[in-house]
1. Only one residue in D149, D220, D157 is among the acidic types (D, E), surrounded by 11 or more Cβ atoms within 10 Å (Cβ to Cβ) and not in a helix (DSSP H, G or I), so which one is that?
2. Does L234 satisfy being of a type outside the set (F, W, Y) and under 27 Å from V145 (Cβ atoms)?
3. Just give me the residues in the stretch 95-146 being in contact (Cβ under 8 Å) with a residue 24 or more places away in the chain and of a type in the set (V, I, T), in sequence order.
4. What are the residues in the stretch 43-72 that are small (G, A, S) and surrounded by 22 or more Cβ atoms within 10 Å (Cβ to Cβ), if any?
5. Which of (1) open to solvent by 10 Å² or more (accessible area, probe 1.4 Å); (2) more than 15 Å from the chain's Cα centre (by Cα); (3) farther than 19 Å from E175 by Cβ; (4) touching a residue at least 12 places away in the same chain (Cβ under 8 Å) is the odd one out, the single condition A91 does not satisfy?
6. Does D60 fit the bill of being over 18 Å from F169 (Cα atoms) and without any contact (Cβ under 8 Å) to a residue 60 or more places away in the chain?
7. From the list D149, D157, D196, D180, which one is within 29 Å of V129 (Cα to Cα), in contact with a Phe, Trp or Tyr (Cβ under 9 Å, 6 or more places away or on another chain) and free of Cβ contacts under 8 Å to residues at least 60 places away in the same chain?
8. With respect to I75, determine if the residue is open to solvent by less than 20 Å² (accessible area, probe 1.4 Å) and within 19 Å of N19 (Cα to Cα).
Amino acid sequence: MAVTTGKALGKRALKSSINKGFSDNIGRLAKMISKGTRNEDETRRWIIDVLKQGFGYTDDDIETEYKALGQRVDIALMENGSVFAVIECKAVNIDIKQRAINQAANYATSLGAEWAIVTNGQAWGLYHVATENCNTPEIIEVFFVELLDEDGISKDDVELLYLITKKAFFSGETEGAYHDARIYNEKYLLDTLFSDSVTKAVAKELAKRYKKDCGVVFEDIDPAYIKELLEMYLEPLLEE
């Protein structure tokens, strides 16, 4: 029987396949959870099965013998002999923490890949990794979903998980989702908000509004002081 790859399936069919792939394997995952399994290799085998049955990946797309930074990469996703994404697998009962995300990003960087995925089977996170302007990777979260929450494997979860398919990676859909996530990223927004052009525009608008409301003209509003005030006002919000 011929294997249908992720590239051959259409988007709707792929999403249906993802939903079925998880649904067919969720009992096995639940059993591992109930046993208190902390074996990463067992989780990795489960994830590989889901990648094949749900996401349309084939044996040729999946490599488990790659090494990066002196360690074995749990799963490397391949295209034409090159790694385009790495998957860091944690045991089902181990929470995904920043350390695992950083590890996956470092592996991706060392292998020349732009994408890192971290999962324990229950939760899945997709991250874009770049080192263009710095020595350490810039890591931007594209999505993070939990499949065993109150709504289970929801339609929204499947929409996001679709971005892990080859079709999404190589059609530019995953790239588009990354740019959406990056432009609304807190740090990017704040850097833009505190930029000289924005604080100058705020100073100008303040003077305009104050003249309209109070009839008083301010001509010496300092944009640098506006920046200090914005940082002071926003600091409590950023600490929440």
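1. On the way: D220 fails: surrounded by 11 or more Cβ atoms within 10 Å (Cβ to Cβ); D157 fails: not in a helix (DSSP H, G or I).
Checking each option against the conditions leaves just D149.
2. Working: of a type outside the set (F, W, Y): yes; under 27 Å from V145 (Cβ atoms): no.
It is false that L234 is of a type outside the set (F, W, Y) and under 27 Å from V145 (Cβ atoms).
3. I96, I101, T109, I117, V118, T119, V129, I139, I140, V142
4. At the first step, the residues of the stretch 43-72 found to be small (G, A, S) are 54, 56, 68, 70.
Those that are small (G, A, S) and surrounded by 22 or more Cβ atoms within 10 Å (Cβ to Cβ): G54, G56.
5. (1)
6. On the way: over 18 Å from F169 (Cα atoms): no; without any contact (Cβ under 8 Å) to a residue 60 or more places away in the chain: yes.
The answer is no for D60.
7. On the way: D149 fails: in contact with a Phe, Trp or Tyr (Cβ under 9 Å, 6 or more places away or on another chain); D196 fails: in contact with a Phe, Trp or Tyr (Cβ under 9 Å, 6 or more places away or on another chain); D180 fails: in contact with a Phe, Trp or Tyr (Cβ under 9 Å, 6 or more places away or on another chain).
Testing whether each residue is within 29 Å of V129 (Cα to Cα), in contact with a Phe, Trp or Tyr (Cβ under 9 Å, 6 or more places away or on another chain) and free of Cβ contacts under 8 Å to residues at least 60 places away in the same chain leaves just D157.
8. Working: open to solvent by less than 20 Å² (accessible area, probe 1.4 Å): yes; within 19 Å of N19 (Cα to Cα): no.
Spelling it out, it is not the case that I75 is open to solvent by less than 20 Å² (accessible area, probe 1.4 Å) and within 19 Å of N19 (Cα to Cα).
The values are calculated or read from the model by the stated rules, or taken from the named source; none is laboratory data. Not measured: the values here are computed from a predicted model. All Cβ positions, glycine included, derive from the backbone under ideal geometry; neighbour counts span all protein chains shown. Side chains are part of the model used for accessible areas, which takes the heavy atoms of the whole protein and leaves out ligands, DNA and RNA. Shrake-Rupley method; radii C 1.70, N 1.55, O 1.52, S 1.80 Å.
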